[in-house]
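Worksheet: one structure, shown below.
The values are calculated or read from the model by the stated rules, or taken from the named source; none is laboratory data. As the structure is a prediction and not an experimental result, all values here were calculated from the model. With ideal geometry, Cβ positions are generated from the backbone for all residues, glycine too; neighbour counts draw on all protein chains shown. The accessibility values were calculated without ligands, DNA or RNA, using every heavy atom of the protein model including side chains. Shrake-Rupley method; radii C 1.70, N 1.55, O 1.52, S 1.80 Å.
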Amino acid sequence: MYSLPFSLCLLLLSVLDVVEFGQALPQQWQHQGDAGRVKRRSAEVPIMRERRQAAGDMQKRGWGGAVGLGDSEDLFYSVALTVGSTTTAFNLDTGSSDLWVTSSDCQSGACKNSTWPQYPLSTFSSADTDVLMQYGDSTSGTSASGPVGKDTVTLGGLSIQSQPFAAVNKTDSSVVVNNDAAGIFGLGFPSESQVQAAVVNQQFNTPTTTDEFVATTSENGPLLSRLAMTGQLDQPMFTVTLQRDTFDVGGNPGVLTVGKLPDGVDNSSLTWVPVRLYAPRQGGLDAPSFAPDEVEIGGVYLDGQRLADSTMTGVSAGTVSALIDTGNSILRGPADVVDNIFTTVSPSYDATDANSVPSYPCNTAHTLAYQIGGQMFPVDPRDFTVQLKDGDATDCYAGNLVSTDPPAVGGLFSWSLGDPFFKSNLIAFYYGNLTHPSQDPPRIGFMSLVPSDADTKLQAAVSAAQQNNGIFASTSDNPLAATAHIASTTYSMSAPTASQTTRATQTQSSKASSGGYTASRVHSGSLLVTALACVSVLFHLA
């Protein structure tokens with residue numbers, strides 16, 4: 001789920017020094033303050049996935065519980081956080097940066113119908129400001145609003161006091177409407193935070209520069225940013241893998257790992273790339289008066305064949321980028337490329353007919369892959385294929401892919417790689433030095449978890465469903481119970497061996513305002529240019 005203006009970002013200023021991004025995790029990050037008084041920590045937090053059935057009814061089961069395949073495009077992954085004395089579920093969102101929870105003052109129908117604990121305002125320390133947060137694209141936009149304040153927030157045993165967040169009293173967010181969680185936990189870089197912007201504007205009387213915003217991130221920034229900047233983490237980073245609960249239940253463990261790589265994952269197994277820059281003319285921020293720094297990438301492939309580049313480049317001509325977003329339940333891309341994919345997997349598909357469905361046999365495996373940092377990162381065919389209708393394990397369709405808006409100022413990405421991508425890959429987000437990125441730049445690491453026999457596994461799952469009256473197994477887990485379960489369970493992941501690489505063809509990477517702060521972002525190709533780094537992956541057009 002990406003916020004408006006859309007991406008995960010970090011304020012940067014390109015400098016003449018050349019930074020070597022071939023390294024993986026950089027040198028041990030050093031806290032700028034008195035790190036000796038802070039014990040650095042790390043934690044693993046299990047992630048719960050909810051699936052909404054077509055009729056709108058939730059099916060809640062423990063691990064291994066089997067239900068009929070529901071609406072595969074309504075997927076929400078959530079974790080348990082404790083805000084004040086209230087422990088409740090939050091949608092995990094790498095595409096936004098704000099923490100918000102529905103409060104006891106929320107009187108909208110969605111809030112009244114929610115079964116998740118809501119935040120009582122009894123321990124709320126008001127920041128004397130309000131915030132409006134907007135999410136989605138032109139066809140799926142939602143919002144949440146309410147007062148901003150502070151309270152103690154705990155995640156997997158990691159606590160931080162006076163954490164800014166929004167106590168939402170009005171929302172039409174699908175997270176709340178569908179009763180999947182009580183709020184959103186944004187994991188993005190601080191410069192995308194609307195909550196932080198509201199606090200800074202209130203504290204500094206709507207400053208005209210970003211100096212105050214950057215300088216006070218350790219006090220006013222998002223939860224994980226503050227944990228990193230106050231030295232509580234072994235490394236200023238987190239990783240995410242999402243579990244699969246359809247076609248072939250299980251797959252990778254659903255885990256948010258904070259402050260380190262997951263156990264069993266070697267740093268050299270990841271492909272690290274820097275994060276994209278946004279210049280002010282593209283929706284980025286003006287730089288602070290002190291120095292903060294910078295990304296890049298290749299192509300999109302279907303079944304080993306490179307797809308033609310999109311002509312719908314908008315304001316981002318010459319570059320294709322991808323937002324890496326757990327808050328997006330599917331894959332979103334340029335309309336012309338999406339139509340190309342649909343007609344390839346389903347020759348009968350008619351792009352001019354709004355009712356046409358890109359259907360194909362369930363046991364036909366298709367692999368959509370993205371070239372990042374010169375390496376292929378595919379979407380497992382089990383995460384690309386969707387059952388066309390309940391009780392039918394013969395006919396499926398490409399239901400986890402839709403078109404999205406062309407690149408625009410403030411949102412230059414052409415692709416949004418959501419939950420299917422996270423089910424197929426381990427993604428690591430490294431914050432680096434949030435106030436002086438030139439000293440330790442931010443980056444994203446990728447490790448494919450798709451087995452070499454994914455096609456065979458899909459076919460076996462389809463065969464099993466056909467023998468079970470066309471019903472695929474599915475499961476969901478309560479995030480509150482899942483978080484308690486982690487205490488006695490070790491979630492570890494190992495990189496696939498050389499023989500377990502994806503069947504996608506490996507190819508050579510192509511070339512490589514006025515008063516008040518408003519969170520936004522954008523790309524700059526030159527040195528000494530004000531820029532904003534967004535957690536996007538770049539695909540340079542050939």
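Within segment 229-262, take every residue that is of a type in the set (D, E, K, R) and at pLDDT 85 or above and give me the one that is nearest to residue 454 (Cα to Cα).
260
Identify the single condition in (1) open to solvent by 10 Å² or more (accessible area, probe 1.4 Å); (2) hydrophobic (A, V, I, L, M, F, W, C); (3) more than 20 Å from the chain's Cα centre (by Cα); (4) at pLDDT 90 or above that residue 409 does not satisfy, given that it satisfies every other one.
Failed condition: (4).
Restricting attention to segment 345-360, which residues are polar (S, T, N, Q) and either in a loop (DSSP other than H, G, I, E, B) or closer than 19 Å to residue 415 by Cα (or both)?
346, 348, 352, 355, 356
Of the residues 448, 416, which is at pLDDT 90 or above and under 30 Å from residue 223 (Cα atoms)?
448
Is one or more of the residues making up segment 121-128 assigned by the TED database to the domain that holds residue 87 and under 20 Å from residue 93 (Cα atoms)?
no
Quick one: what pairs do we get from segment 131-156, first residue closer than 18 Å to residue 223 by Cα and open to solvent by less than 10 Å² (accessible area, probe 1.4 Å), second part of a loop (DSSP other than H, G, I, E, B) and modelled with pLDDT of 85 or more, C-beta under 6 Å, 6+ apart or different chains?
133/98; 149/124
Out of 253, 262, 207, 164, which single residue is farther than 26 Å from residue 447 by Cα and not in a strand (DSSP E or B)?
The unique qualifying residue is 207.
Please enumerate the residues belonging to segment 177-197 that are open to solvent by 10 Å² or more (accessible area, probe 1.4 Å) and either at negative phi or among the basic types (Lys, Arg) (or both).
Hits for segment 177-197 are 177, 178, 194.
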